[in-house]
Every structure is written in structure tokens, then in C-alpha cells.
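Novice: What follows is a structure written as C-alpha cells; I'll ask about it next.
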Amino acid sequence: MATRQQLSIIPPGTQQFGGQQPREQPLLKGADYHKLAHLMSRVPETSIFRTFREVTLFNLLSLQAELSALVEDFEDHYKADMTGEETEPTTGEPQDLFRSFLRLRESNGGQSLQYNTVLNIRYKLKEYPSEISRLEKPEKVDLKNLRDWFSHPTVGGNFLPLLENMWGTENDDDQIILTQKDEGLMRASSTWIMLLYDWVYGKRFGKPEVIDAQTGSRYYPDSSVKKIAKVTTSVIAALIPGIVILGLNYLETTVKRIGTMLACTALFAFVLSFWTQADVVDVFAATGAFAAVEVVFIGSAITNGTGTGG
């Protein structure tokens, strides 16, 4: 049976051009989007599309700025209706329209500035992706890096108008990040490992992606950081039982050993519960196995009558 690397969608004996088609090659009769769609339906690995990530993000930024302006307008019209101000009046008289949406819709013959702004917000929200509210919140370090970029005189230069600045501290509870991040311990270890790697090796000998030549800002691809973090945390996790046993070996009495065992087991369970995605059953099983190793050592120490090691 042929492996995936041996399969080919190009007929045998056909000259290949490394993914680039010569400009002088004539158009093939019968080759069209229908034929391409048929290929993609038969060979799922060829269903490759461009994400237009940059223009999609630009569109999100535009929608975000427009929604912010509409919300500001709505608040102004709401206050004008409540106080009857004549600077931007709906009727020129105080009206508590938000006690009844029916009154709001019918106010000023259906031409209420407040109600029209609500309709504009509703229309604009239809363009805004609904899935965005279900995404994760950004890490504080990532948010700080973005704010530093905005405020840096040679990069962001504080170009944003005050009304369009969505990354201020007042919006901390209403922000998300489009990139999916690791959870708990892996996320924290990735950050520290990346900083340590950059300080010790990366900025001198590594090949990080330079975001800005003027500031020297560097970026390490998430896949590389994840790989290093995974290896490091796996090695540390494998050493933990041995380190605990080594510590127990230097305690003189059984009571001290049991007390230390209980403290280490509780700490182990806390780390698993708080910094990993493990559920209760997994935490219970891992903690039980960890405690069993400690109990076996303490039992053997009691049997052999051993004290401190030299």
C-alpha cells in the first residue's frame, strides 16, 4: 500500500515545476474551478485556501472603531433625551425613553436619534463575528507588549485617536485574543522559558523573527516555544518523584517523613488542579501514584531502619 508521500495527483511522466506554472504554458481546455472543486472533494489534503489574515484583521479593526464611535453617539443621544439638552436634542424636552422600547421606537415619529443609533449598532454588530466573544482573554504580558508597541516613539507612535483606543486599561475585562494559547502550567512555562532562552542564547546565536529593526523586537514562533516548553516540563515532571524521595532520605524520623510526604502530595495535587487541564479523575489518579511512590520509600526506610543518607 502506497504511503501518503508516494501518492501523487500529477499524472506519471508529467513535467513538474515546483508549484509554479510557467507563464508561457497555454491554458488547458476543460481545466476550470469545477474541476478544481472536484479534485478537492476527492483529495481532502488539497483543500487549501488563503485566510487573508491581514485584511481580515484590518476589517476587524475597522468594525471595532466604528462600533466604538456608535456607542459614543448612543450615550450622547441618551443623555440628551434624559436632560432635554438642545445641543443634540431628539425632541428638545426631557424623555425617559429607555423605560419602554415601544416609546423609544415611536418617539419623534420614529426618527429618534437615540433609536436610530441603536439600529445602526444592531446593523454593525451583524457584521462583527459573533464567535469573537467566546475566545480567550489575552495574557497580561501580551497586552503589555501591544501597549508598549503603541506607545513606542519609533513604532506605534501613539497614532490611535482616543476614541479608537480599545487597548486601554479601562477595557481589560472586554478583550480577547484570536490566537489559541496553551493552558495553565504550559502557558506559564512557555513564557519563562522563552525569556530565558532569548537572554541566554536566542538574541546572540538564535534566529528569531525580527519584528522591527529599529527597536530590535524579536518574536519566536509559537511552535518552537511549545516544543521547548514541552520537553522542559516533561523532564522536570519526571524528576519530581526522585527529588522528593531524595529529600525524604535526609529526614531523621518517620513523623517528619510522613509530614513532608503529605505536604508534597498536597502541593502536587494543587499544581495539577490549578495549572493543568486535568480533570478530577486524572488528578486523583496522578496524586495517588505519586503518594504511592512516597509510601513505598517510607515503608522500606522503616523496615531497614535507615536514617539520613551520606
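Novice: Only residues that are part of a helix (DSSP H, G or I), more than 14 Å from GLU294 (Cα to Cα) and either free of Cβ contacts under 8 Å to residues at least 12 places away in the same chain or touching a His at 6+ places or on another chain (Cβ under 7 Å) (or both): list them for segment 233-266, please. Explain how you work it out, then say what you get.
Specialist: Initially, segment 233-266 is screened for residues part of a helix (DSSP H, G or I), giving 233-249, 254-266.
Within this subset, residues satisfying the condition of being more than 14 Å from GLU294 (Cα to Cα) are 233-238.
Answer for segment 233-266, where residues must be part of a helix (DSSP H, G or I), more than 14 Å from GLU294 (Cα to Cα) and either free of Cβ contacts under 8 Å to residues at least 12 places away in the same chain or touching a His at 6+ places or on another chain (Cβ under 7 Å) (or both): SER234, VAL235, ILE236, ALA237, ALA238.
Novice: Right, another one. Scan segment 61-75 residue by residue and report those that are aliphatic (A, V, I, L, M) and open to solvent by 70 Å² or more (accessible area, probe 1.4 Å).
Specialist: Initial filter on segment 61-75 (aliphatic (A, V, I, L, M)): 61, 63, 65, 67, 69-71.
Listed by number, the list holds a single entry, LEU61.
Novice: Since ILE193 meets every condition but one in (1) surrounded by 12 or more Cβ atoms within 10 Å (Cβ to Cβ); (2) at pLDDT 75 or above; (3) more than 27 Å from ARG53 (Cα to Cα); (4) aliphatic (A, V, I, L, M), which condition does it not meet?
Specialist: Among (1) surrounded by 12 or more Cβ atoms within 10 Å (Cβ to Cβ); (2) at pLDDT 75 or above; (3) more than 27 Å from ARG53 (Cα to Cα); (4) aliphatic (A, V, I, L, M), ILE193 violates only (2).
Novice: Being aliphatic (A, V, I, L, M) and either modelled with pLDDT under 85 or in contact with a strand residue (DSSP E or B) (Cβ under 8 Å, 6 or more places away or on another chain) (or both) is the filter here, so list the residues in segment 60-84 that pass it.
Specialist: Initial filter on segment 60-84 (aliphatic (A, V, I, L, M)): 60-61, 63, 65, 67, 69-71, 80, 82.
Across segment 60-84, the qualifying residues are ALA80, MET82.
Novice: From the residues in segment 108-121 that are touching an Asp or Glu at 6+ places or on another chain (Cβ under 8 Å) and modelled with pLDDT under 90, which one is farthest from GLU164 (Cα to Cα)?
Specialist: SER112
Novice: So VAL155 clears everything in (1) modelled with pLDDT of 80 or more; (2) part of a loop (DSSP other than H, G, I, E, B); (3) surrounded by 14 or more Cβ atoms within 10 Å (Cβ to Cβ) except one condition, right? Which one?
Specialist: The one condition VAL155 does not meet is (1).
Novice: Among residues belonging to segment 276-290 that are over 23 Å from ILE245 (Cα atoms) and in a helix (DSSP H, G or I), point out the one that is most open to solvent (accessible area, probe 1.4 Å). Explain how you work it out, then say what you get.
Specialist: Of the residues in segment 276-290, the ones over 23 Å from ILE245 (Cα atoms) are 276-281.
Adding the requirement that they be in a helix (DSSP H, G or I) leaves 280-281.
Working: VAL280: 122, VAL281: 106 Å².
The selected residue is VAL280.
Novice: Can you tell me how many residues in segment 118-150 are surrounded by 11 or more Cβ atoms within 10 Å (Cβ to Cβ) and either in contact with a Pro (Cβ under 7 Å, 6 or more places away or on another chain) or small (Gly, Ala, Ser) (or both)?
Specialist: Result for segment 118-150: 0.
Novice: State the number of residues belonging to segment 24-51 that are modelled with pLDDT of 70 or more, open to solvent by less than 100 Å² (accessible area, probe 1.4 Å), assigned to a loop (DSSP other than H, G, I, E, B) and hydrophobic (A, V, I, L, M, F, W, C).
Specialist: So the answer is 1.
The values are calculated or read from the model by the stated rules, or taken from the named source; none is laboratory data. Remember, predicted model here, so these are calculated numbers, not experimental data. Ideal geometry is used to build each Cβ from the backbone, glycine not excepted, and the neighbour counts take in all protein chains shown. Side chains are part of the model used for accessible areas, which takes the heavy atoms of the whole protein and leaves out ligands, DNA and RNA. Shrake-Rupley method; radii C 1.70, N 1.55, O 1.52, S 1.80 Å.
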